[in-house]
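Asker: Would you mind keeping the following structure in view while I ask a few things?
Derivation of every value follows stated rules applied to the coordinates shown; laboratory data play no part. Since the model is a prediction, treat every value here as computed from it, not as a measurement. Note that each Cβ is placed from the backbone with ideal geometry, even for glycine, and that neighbours are counted across all protein chains shown.
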Amino acid sequence: MNTTTYRINLAGASGRMGKAMWPGLAEAPDVDVVGALSRQAAPADLPWTTRWSADATTLLAESRPGDIWLDLTTGEAATAHVPLALEAGLRIIVGATGMASSALDAWRARLETHPGTVLVVPNFSLGAVLMMRFAEEAARWLPDVAIIEGHHPAKRDAPSGTARRTAERIAASRGRAGKSLGDQQAMGLDVSGVPVHALRLPGLLAHQEVVFGGHGEVLTIRHDAMGRECFLPGLLLAIRGLDRVRGLAIGLEHVLGEGTK
Ligand SMILES: NC(=O)c1ccc[n+]([C@@H]2O[C@H](COP(=O)([O-])OP(=O)(O)OC[C@H]3O[C@@H](n4cnc5c(N)ncnc54)[C@H](OP(=O)(O)O)[C@@H]3O)[C@@H](O)[C@H]2O)c1
């Protein structure tokens, strides 16, 4: 019988993602949300076992080495939190998006010389992870491709972390450079040689199409997140699979097992 309890410090507890994930984390028998970072007032029904703090340093001072720092804030805030949490000996899952590549480079460099775990998951949705995997596969035969992503208007970063990650994986898989877009902005932003278009509109939550053009045919791989609950199963996989991660890893695929076969 597995008796492990994963102690979670949830940064961004009052945000849309924090609020959406908390009930599922609280219900998981092997998860304890022991700390919450938020500058908002604590909710009235906060469990007595959860420390609530507006300050990452204070929260980390009360945490235990081996605890998990789950960062659902912003790219900028996560960039500040990760070195502090590593210093305190915590293992880290970054669900926030929008970090500069220089931040990831700095974490990688640190983790090459110091032990530690940082798992960056641009998208916890299993459907989105499969979309990326299928897109990577399709790009080997249909290398002409564009990405269209759409999100709710409050999303700060554009294009999304998922779109960037999809483009990077396609670029690594297809074995040839993308065609130059020149300076035509309407053709999309060039991400690793893949044109990416970002929509920010009310009514959207999180959506992405990867469109491959072939000889007289078009293949579209599409994913739609219909509600934030789609992120919970992948988040629980990340928490339970974090033991398998060493150093810096990017993507939920690092903790995916063999599926249900
Ligand atoms: N990985 C995934 O599957 C996935 C899915 C959806 C979204 N996301 C990403 O998750 C992040 C949160 O999304 P959201 O929709 O929840 O955004 P949100 O509602 O705007 O919440 C952002 C949270 O970040 C906190 N925050 C902002 N600046 C901070 C700072 N300097 N220090 C500490 N906390 C700070 C806010 O805290 P206060 O309440 O204290 O202001 C708030 O709780 C975004 O980066 C988003 O792109 C990831």
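Asker: Less than 15 Å Cβ to Cβ from residue 14, Lys/Arg counted +1 and Asp/Glu -1: what total charge do the surrounding residues give?
Answerer: Numbers: positive: 16, 19, 39, 51, 228; negative: 45, 55, 71.
Net charge around residue 14: +2.
Asker: Considering only C-alpha atoms, what is the centroid distance from the range 1-74 to the range 130-161, in Å?
Answerer: A separation of 30 Å, based on Cα centres.
Asker: Say we join alpha carbon atoms closer than 10 Å with springs in a Gaussian network model of the chain; which of 175, 15, 35 then has the biggest fluctuation?
Answerer: Looking only at 175, 15, 35, the biggest GNM fluctuation is shown by 175.
Asker: Based on the Kirkwood radius over alpha-carbon pairs, what is the Stokes-Einstein translational diffusion coefficient of the chain at 37 °C with 0.692 mPa s viscosity, in µm²/s?
Answerer: Taking Rh from Cα pairs, D becomes 170 µm²/s.
Asker: Where does the charge balance sit around residue 198 when Lys and Arg score +1, Asp and Glu -1, over other residues with C-beta under 11 Å from its C-beta?
Answerer: Its environment carries a net charge of +1.
Asker: Round to the nearest 10 and give me the degree value, 0 to 90, for the angle of helix 101-113's Cα axis relative to the longest principal axis of the chain.
Answerer: Relative to the chain, helix 101-113 is tipped by roughly 60 degrees.
Asker: Kindly give the semi-axes, whole Å and largest first, of the ellipsoid equivalent to the range 1-114, taking each as the square root of 5 times a Cα gyration tensor eigenvalue. Intermediate values should be presented prior to the final figure.
Answerer: Working: eigenvalues 104, 56, 34 Å².
Gyration-tensor ellipsoid for the range 1-114: 23, 17, 13 Å.
Asker: Karplus couplings for the range 179-186 from phi (6.51 cos²θ - 1.76 cosθ + 1.60, θ = phi - 60°), rounded to Hz, Gly and Pro as x?
Answerer: Going residue by residue, I get 6, 5, 8, x, 10, 7, 4, 5 Hz, with x marking Gly and Pro.
Asker: I'd like the projected area of the range 126-226, averaged over all directions, using the convex hull of its alpha carbons. Report it in nm² with one decimal. Show your work: numbers first, answer last.
Answerer: Numbers: hull surface 25.9 nm².
Answer in nm², one decimal: 6.5.
Asker: Let me ask another. Per DSSP H run of at least 4 residues, take -39500 (n - 2.57); add these up for the chain, divide by its residues and hand me the 222 nm value, nearest 500 deg cm²/dmol.
Answerer: -9500 deg cm²/dmol
Asker: If you don't mind, there's one more thing I want to ask. Looking only at 124, 231, 134, which one moves most when the chain is put into a Gaussian network model with springs between Cα atoms under 10 Å?
Answerer: 134
Asker: Among 30, 67, 183, whose mean-square fluctuation peaks in a Gaussian network model of the chain (Cα, cutoff 10 Å)?
Answerer: Checking each option, the largest mean-square fluctuation is seen for 183.
Asker: Can you tally the net charge around residue 207? Count Lys and Arg as +1, Asp and Glu as -1, for every other residue whose Cβ sits under 12 Å from the Cβ of residue 207.
Answerer: Taking every other residue near residue 207 into account, the sum is 0.
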